[in-house]
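Written below as C-alpha cells is the structure these notes are about.
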Amino acid sequence: MYPIRIGIADDHPLFRRGLKNFIDQKDVFEVKAEAGSGNELLEKLSRQVIDLVITDVTMPDIGGISLTKTIRRHYPKIKVIGLSKHNDHHTIHQMMEAGAKGYLLKSTNPDEIHAAILQVHEGKSYYCSEISKQLIEQIGKKMTESTAKLLTTRDKAILHLILTEKSDHEIADHLGLSLKWVGLNKKALMEKMEVKTVVGLVKRAIENGME
C-alpha cells in the first residue's frame, strides 16, 4: 500500500517545490511527478504510476477542473485533491463535480495536507477546516430562520466531522460522546436538515453550501 505515489501540478515553482519537500518528509508519501502545468503532468502520468494528484485549480494551460476531468476519464484509479488560494464556493463545487475528492486552500494548516492525502487515498472526501466551516455557515443562510436556529453548536461540530468523513468512533472520541449519543445526535441532525441518510446529509451540505 505504501508509499502513496503523488503527482503535483502547480505553475508556481517555489510553492510547488515547497509542497514537494513537505510531503516527502513523511515515509508513507513519495512525490513521483511534479509539473508546472496540466499538460506537463498529463504527459508524466502516461509514463509514471501515480496514486493521487494534488493540482492547483488555476493554471495557464489546463485549469484544475479540466485536468481533474481528464484524469478521472483516463486514469480512474487516481484520486485528485484540488488546491487554491481562493475559497470560492462555485469553484469548489465545480472541482467536486469534476471528480476531485478533496479541496485544500494554500493557507491550509500543514497537518491537514497529510490528513487529506491519507483520507482521499482511502476513498473518502476531505475539505479543509476553513471550507467545512464556511459550508456550515452557508447551510445556515440557506435555511429558514426557524430551522437555522435549531442547529446547535454540537450539531455544527458533528456536521463538520461528517463532511470530513470521520467515523462514528472518531466523532465520539473528538467530542467526548458515547457512540449511542453520536447516533442520536446524527439522527436529530438529519431530521432538522430533512434528509434520511448520512450520504443525503453530505449532499445537502454541498448543494446548499456551494450554490
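Each value in this text was obtained by applying a stated rule to the coordinates, not by laboratory testing. On a predicted model such as this, the values are computed, not experimentally measured, just so you know. As a convention, Cβ positions derive from the backbone with ideal geometry for all residues, glycine included, and neighbour counts pool all protein chains shown.
Counting only DSSP beta bridges with both residues in the stretch 4-127, the antiparallel share comes to about 0 percent. Under the convention that each Lys and Arg Cβ holds +1 and each Asp and Glu Cβ holds -1, the size of the dipole of the stretch 1-131 around its Cα centre is about 360 debye. Summed over all non-identical Cα pairs, the Kirkwood treatment of the stretch 4-127 gives a radius of 13.9 Å. Within the same chain, aspartates and glutamates fewer than 8 places from Lys106 are excluded, and of the rest, those with a Cα less than 12 Å from its Cα are Asp10, Asp56, Glu130.
When the trypsin sites (Lys or Arg not before Pro) in the stretch 1-42 are filtered for DSSP coil states and for at most 16 other beta-carbon atoms within 10 Å of their beta-carbon, the remaining sites are Lys26. Note on Asn21/Asp173: beta-carbon distance plugged into 1/(1 + (r/R0)^6) with R0 of 35 Å gives a FRET efficiency of 0.65.
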